[in-house]
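The values are calculated or read from the model by the stated rules, or taken from the named source; none is laboratory data. Bear in mind the structure is a predicted one, so any value in this text is a computation, not a measurement. With ideal geometry, Cβ positions are generated from the backbone for all residues, glycine too; neighbour counts draw on all protein chains shown. These accessible areas exclude ligands, DNA and RNA; they are computed on the full protein's heavy atoms, side chains included. Shrake-Rupley method; radii C 1.70, N 1.55, O 1.52, S 1.80 Å.
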Amino acid sequence: MSATPPDFEVSAEVVSRNVRIELHGVAIADSDRAVLYKESRLAPVYYFPREDVRMDLMQRTRHRTHCPFKGNASYWTLKVADQVIENVVWSYENPIEEAGSIKGHLAFWLEKIGASYSEDGKFESKTTR
């Protein structure tokens with residue numbers, strides 16, 4: 001018996017357009033190789049290759065979560081200017097096989113950051129602020 005509910009769907013697509021996240025005018029992620037990950041009942045999320053993320057602005061935390069469809073997530077705190085946002089970046093460093101396309105990638109909790117995605121230079125608001 002499968003652990004995945006019958007009405008649950010997942011898709012992952014490497015996008016060819018440039019996707020960027022800025023906070024206080026600082027680019028914290030900028031990539032033309034991001035993976036757009038879609039899951040049923042959840043908003044789509046971009047996962048950025050680690051090489052395209054400003055890791056110098058982040059500090060790994062001990063926080064962990066588990067998703068039955070992706071595996072165990074590790075978290076980072078982001079610091080830009082005087083703003084420190086805890087556990088706002090996550091990664092499935094060793095995802096389950098079905099989520100292998102996001103291995104080595106990081107995602108951002110945009111609402112908590114107060115930032116938005118920019119796709120090909122056009123910002124699309126994803127914030128609640």
Across segment 10-38, which residue is least open to solvent (accessible area, probe 1.4 Å) among those that are in contact with a helix residue (DSSP H, G or I) (Cβ under 9 Å, 6 or more places away or on another chain) and among the charged types (D, E, K, R)? ASP30
With the structure loaded, tell me whether ASP56 is open to solvent by 70 Å² or more (accessible area, probe 1.4 Å), without any contact (Cβ under 8 Å) to a residue 12 or more places away in the chain and over 25 Å from GLU119 (Cβ atoms) or whether it fails that test. no
Reported set for segment 81-113 where residues are more than 15 Å from VAL10 (Cβ to Cβ), at pLDDT 95 or above and open to solvent by less than 20 Å² (accessible area, probe 1.4 Å) is ILE85, VAL88, VAL89, SER91, LEU106, PHE108
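Based on what the data block shows, is PRO95 under 28 Å from ASP7 (Cβ atoms) and touching a Lys or Arg at 6+ places or on another chain (Cβ under 9 Å)? Full working, then the answer.
Values: under 28 Å from ASP7 (Cβ atoms): yes; touching a Lys or Arg at 6+ places or on another chain (Cβ under 9 Å): yes.
When the stated conditions are applied, PRO95 passes them.
Residue check: is ALA43 within 23 Å of SER16 (Cα to Cα), open to solvent by less than 30 Å² (accessible area, probe 1.4 Å), hydrophobic (A, V, I, L, M, F, W, C) and part of a loop (DSSP other than H, G, I, E, B)?
Working: within 23 Å of SER16 (Cα to Cα): yes; open to solvent by less than 30 Å² (accessible area, probe 1.4 Å): no; hydrophobic (A, V, I, L, M, F, W, C): yes; part of a loop (DSSP other than H, G, I, E, B): yes.
It is false that ALA43 is within 23 Å of SER16 (Cα to Cα), open to solvent by less than 30 Å² (accessible area, probe 1.4 Å), hydrophobic (A, V, I, L, M, F, W, C) and part of a loop (DSSP other than H, G, I, E, B).
It is to be established whether one or more residues within segment 59-77 are touching a residue at least 60 places away in the same chain (Cβ under 8 Å), outside any strand (DSSP E or B) and either touching a Leu at 6+ places or on another chain (Cβ under 7 Å) or exposed (fewer than 15 other Cβ atoms within 10 Å of the Cβ) (or both).
At the first step, the residues of segment 59-77 found to be touching a residue at least 60 places away in the same chain (Cβ under 8 Å) are 68-69.
Still in the running and outside any strand (DSSP E or B): 68-69.
Now restrict to residues that are either touching a Leu at 6+ places or on another chain (Cβ under 7 Å) or exposed (fewer than 15 other Cβ atoms within 10 Å of the Cβ) (or both): 68.
Looking through segment 59-77, at least one residue is touching a residue at least 60 places away in the same chain (Cβ under 8 Å), outside any strand (DSSP E or B) and either touching a Leu at 6+ places or on another chain (Cβ under 7 Å) or exposed (fewer than 15 other Cβ atoms within 10 Å of the Cβ) (or both).
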So the check is Cβ under 6 Å with 6+ separation or different chains; which pairs have a first residue in segment 90-101 that's in contact (Cβ under 8 Å) with a residue 12 or more places away in the chain and in a helix (DSSP H, G or I) and a second one that's exposed (fewer than 14 other Cβ atoms within 10 Å of the Cβ) and among the acidic types (Asp, Glu)? none
